[in-house]
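Visitor: Have a look at the structure that comes next, please.
FYI, it's all coordinate maths here, none of it is from the lab. Only a predicted model underlies this, so the values are computations on that prediction, with no experimental measurement involved. Positions of Cβ are generated from backbone atoms using ideal geometry, with glycine treated the same way; all protein chains shown enter the neighbour counts.
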């Protein structure tokens with residue numbers, strides 16, 4: 001487990017993971033850099049996922065997640081801080097096809113509805129989310145409408161008394 005803290009080991013793991021996902025999704029996936037502090041933090045820079053027509057589906061400049069370091073021994077994962085910056089998400093569907101350009105991801109990872117009553121529950125809590133320079137575009141030729149959104153937001157303590165700062 002301690003080997004995972006070394007950059008060369010992390011690079012091998014990332015290369016293997018992106019190769020696996022690229023093959024499973026039949027599209028290009030690339031990560032410029034990843035840093036993992038085992039049981040504490042993960043930082044990803046330069047994540048890019050292409051759609052099946054080789055257009056950019058998702059681009060993330062920097063994603064940083066800090067989490068509690070004892071979640072592997074408990075039934076609760078606390079994401080203390082999530083920061084995502086410089087994101088572009090491009091979704092579309094054409095007039096010839098009613099499927100969205102990201103539907104291949106849904107198809108590759110179908111929901112497993114079997115034996116839900118036997119699954120052990122796992123709790124997830126998020127304390128703070130910070131999103132900066134997020135650009136989302138949705139071009140829907142099937143319906144004939146487009147939507148373009150650019151935003152930044154900070155959310156503290158997700159739950160019943162959440163605080164959102166836009």
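Visitor: Stretched out fully, how many nm does the piece from residue 16 to residue 152 gain, at 0.36 nm a residue minus the Cα gap?
Guide: Answer, rounded to one decimal: 45.7 nm.
Visitor: Work out, step by step, the length gained on full extension between residue 128 and residue 30: first 0.36 nm times the residue separation, then minus their alpha carbon distance; give nm to one decimal.
Guide: 32.6 nm
Visitor: If you look at just the Cα atoms of segment 23-69, how large are its Rg and its Dmax in Å?
Guide: Just the Cα atoms of segment 23-69 yield Rg and Dmax of 12.9, 40 Å.
Visitor: I want to check the label-to-label distance for residue 138 and residue 97. Put each point 7 Å from Cα in the C-beta direction and report it in nm to one decimal.
Guide: A separation of 1.9 nm, rounded to one decimal place.
Visitor: How are the alpha carbon pair distances in segment 1-102 distributed across 5 Å bins from zero to the largest one, expressed in percent?
Guide: 2, 11, 17, 18, 19, 14, 9, 5, 2, 1, 0
Visitor: Expected output is a single nm value to one decimal: the length gained when fully extending between residue 64 and residue 6, i.e. 0.36 nm times separation in residues minus the C-alpha distance. What is it?
Guide: 19.1 nm
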